[in-house]
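The values are calculated or read from the model by the stated rules, or taken from the named source; none is laboratory data. Note that the structure is predicted; figures quoted are calculated from it, not measured. Counting neighbours? That spans all protein chains shown, and the Cβs are built from the backbone with ideal geometry, glycine included. Just so you know, the surface numbers come from the protein's heavy atoms only, side chains and all, with ligands and any DNA or RNA stripped out. Shrake-Rupley method; radii C 1.70, N 1.55, O 1.52, S 1.80 Å.
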Amino acid sequence: MDIRKIKAFADRYLINVSVLVLAWGGMFRRSFNCDTLTHMLYTEEDIAIMMQHGRYLTALQDWLLYQVGLSTVTHTGITAMAEVLLLAFAAGIVQNCFEKKIGKPSGIYEKLAWISITALLFTNVLFAESFMFGECALMFGMAYLLASAGIWAFTEKKYPLALLFFFLSTMEYQAAVIYAAIILSAWIFIENECVITKKTVIQEIVCGCMTVGSGVLNMISLSLLAKSGLVAEAGRSASIGNIVQKAGICLWDFGQILINSRGLLPKTGLPLIVLCIGAAVTLRKFAKERKWKSAGYYVLLAAAMFAMVYILSMTQYDTRTYPRFICMFYVAQAMILLLAFWCAPKRGRELLCYICCGYLLIQILFCNIIVSNHMVSNTLDKTYAMMVYEKIMEYEKETGESVKKLAVANDIDCPFSYNNVYYKTDQVNERALGTVTNTLVNVVSGRYFEKVPMDEDVFQAYFEGRNWDYFDASQQLVIIGDTAYWVIF
């Protein structure tokens, strides 16, 4: 056992943890989104859904915790801490794999640049969605750790072990193998000294078969389990459909990421600027040395890495570009910057240090803003639900009749997030009100209100044509008999 190697990895691990805590430490408080609330009340059903989506290890983890009276949503802050600790380990494995090829950074500038580049893997605004799901925090951490273990095994030529780790990672979360494929593509580029040879092609094919192929194997296993009756149905399938239309959706989304990371950064084109700088550094080196074939290989590599960002979106029926999928953009961007770091001379690495450190600090800043917006959204959800519950209790006290049912409908224009929550996209800072309102009220009140459809006569009499921009229980809540009727603004 080499004590120096263990100490060096421990030092790296502590630095990785520190960076992740700076970005995501705000999530160490109790928080929720729509799926988290559902998991709180319907844990067993949610575990079954995990099985139907091929997340067998996730389902096993949740089931074991449930058997001992715990849940991944009992203390979401603790699961967020666990995710941070697992991600820090995953980042350390990736750093170690590349350091064996390009050497350890020396000097303060190189070390800071190296930390900033590799930190982008999990410290970026699009990765925020992975922390929004308190019930899945452990799942995301384990998935990326297993995928990183697969990366290590691949770089050590332990291919059967790599395949095992990749397949296990799909049993946690399938997108993790795309992360592995992007990183290994960059590693193969360095391994072969920027030259396309038969070995390069073989390695790329093997990499694709092991990573993306593991996802395919996961879907096949899911189909077999559904046919055998071990799971109710396969909740996940692939569809190519209209490729041109899907590609158009993905290209538009890619443009939005380059401009402002889908609304999670200011509209300055910062991701595009940093991407261009990283690519320019590497291409300048190849041009200076007249290595045109290497430049061509680099362009192909960059195109392939960014295309891989949308593999999952392209294979879905509705071409959804969830942030938890497309956060792979930052994995690809980190690899572009890593290759620039490898190619840059000493003075160039100093310049990269300033650029990458500044870029990371901006990402950390807006990660914190996103987290604070998330807490605002949670507070508003709980406040409005509690105010409605208080109205219900007042009614019960005045009439002596117990309210047992809750009917909910949305007004004409009911948004998925609050107007004073500024950094949001998809399920990043979604509001529970209007999506899982019944579940929210049940969780906040600690009581069970039966979910019933909105009565048409009641709706027409009290709510027809209304479109509120604010909460007002006196106008939006009507209680008749044992049923509360609530229209969400």
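Here are a few things to note about the model shown:
- Unmet requirement for GLU430, which otherwise passes all of (1) surrounded by fewer than 20 Cβ atoms within 10 Å (Cβ to Cβ); (2) in a loop (DSSP other than H, G, I, E, B); (3) not small (Gly, Ala, Ser): (1)
- The range 305-325 residues that are of a type in the set (Gly, Ala, Ser) and modelled with pLDDT under 95, paired with ones that are outside any loop (DSSP other than H, G, I, E, B) and open to solvent by less than 40 Å² (accessible area, probe 1.4 Å) (beta carbon under 9 Å, 6 or more apart): SER313/LYS246; SER313/CYS250; SER313/ASP253; SER313/PHE325; SER313/ILE326
- Considering the range 448-470, the residues that are of a type outside the set (Asp, Glu) and open to solvent by less than 70 Å² (accessible area, probe 1.4 Å) include one that is farthest from MET40 (Cα to Cα), namely GLY465.
- Checking each residue of the range 204-213 against the condition of being among the polar types (S, T, N, Q) and free of Cβ contacts under 8 Å to residues at least 60 places away in the same chain gives no match.
- Among (1) open to solvent by 20 Å² or more (accessible area, probe 1.4 Å); (2) under 23 Å from the mean Cα position of the chain (by Cα) - the single one SER221 does not satisfy: (2)
- Residue within the range 471-479 that is open to solvent by 20 Å² or more (accessible area, probe 1.4 Å), assigned to a helix (DSSP H, G or I) and over 30 Å from CYS367 (Cβ atoms) present: yes
- Any chance LEU258 is open to solvent by 60 Å² or more (accessible area, probe 1.4 Å), part of a helix (DSSP H, G or I) and either within 16 Å of PHE306 (Cβ to Cβ) or out of contact with any Phe, Trp or Tyr (no Cβ under 7 Å at 6 or more places or on another chain) (or both): no
- The range 290-311 - residue that is among the aliphatic types (A, V, I, L, M) and open to solvent by 40 Å² or more (accessible area, probe 1.4 Å) and, of those, nearest to GLY278 (Cα to Cα): VAL299
- Flag not set for SER417, criterion: part of a helix (DSSP H, G or I), closer than 22 Å to ARG262 by Cβ and small (Gly, Ala, Ser).
- The residues listed here are ARG284, ARG324; of these, the one that is within 21 Å of LEU264 (Cα to Cα) and either open to solvent by 20 Å² or more (accessible area, probe 1.4 Å) or in a loop (DSSP other than H, G, I, E, B) (or both) is ARG324.
- Top-ranked residue in the range 29-84 [being assigned to a loop (DSSP other than H, G, I, E, B) and of a type in the set (A, V, I, L, M, F, W, C); ranked as modelled with the lowest pLDDT]: LEU70
This table checks each residue for (1) touching a strand residue (DSSP E or B) at 6+ places or on another chain (Cβ under 9 Å); (2) crowded, with 16+ Cβ neighbours inside 10 Å; (3) at pLDDT 95 or above; (4) not polar (S, T, N, Q).
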position: GLU350; (1), (2), (3), (4): no, yes, no, yes
position: CYS353; (1), (2), (3), (4): no, yes, yes, yes
position: CYS357; (1), (2), (3), (4): no, yes, yes, yes
position: LEU365; (1), (2), (3), (4): no, no, yes, yes
position: VAL371; (1), (2), (3), (4): no, yes, yes, yes
position: GLU390; (1), (2), (3), (4): no, no, yes, yes
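- Scan the range 238-247 for residues that are open to solvent by 40 Å² or more (accessible area, probe 1.4 Å) and either part of a helix (DSSP H, G or I) or in contact (Cβ under 8 Å) with a residue 60 or more places away in the chain (or both) and the total you get is 6.
- The residues listed here are ALA59, ALA90, ALA8; of these, the one that is in contact (Cβ under 8 Å) with a residue 24 or more places away in the chain and either of a type outside the set (D, E, K, R) or open to solvent by less than 70 Å² (accessible area, probe 1.4 Å) (or both) is ALA90.
- Residue list for the range 413-435, restricted to those being among the aliphatic types (A, V, I, L, M), under 13 Å from ILE370 (Cα atoms) and out of contact with any Ser or Thr (no Cβ under 8 Å at 6 or more places or on another chain): VAL428
- Checking each residue in the range 108-135 for being among the acidic types (Asp, Glu) and open to solvent by 10 Å² or more (accessible area, probe 1.4 Å) picks out only GLU110.
- Screening LEU138 against (1) within 21 Å of MET305 (Cα to Cα); (2) modelled with pLDDT under 95; (3) open to solvent by 10 Å² or more (accessible area, probe 1.4 Å) leaves a single unmet condition, (1).
- Any hit, the range 392-414, residues being polar (S, T, N, Q), within 30 Å of the chain's Cα centre (by Cα) and either at positive phi or part of a helix (DSSP H, G or I) (or both): no
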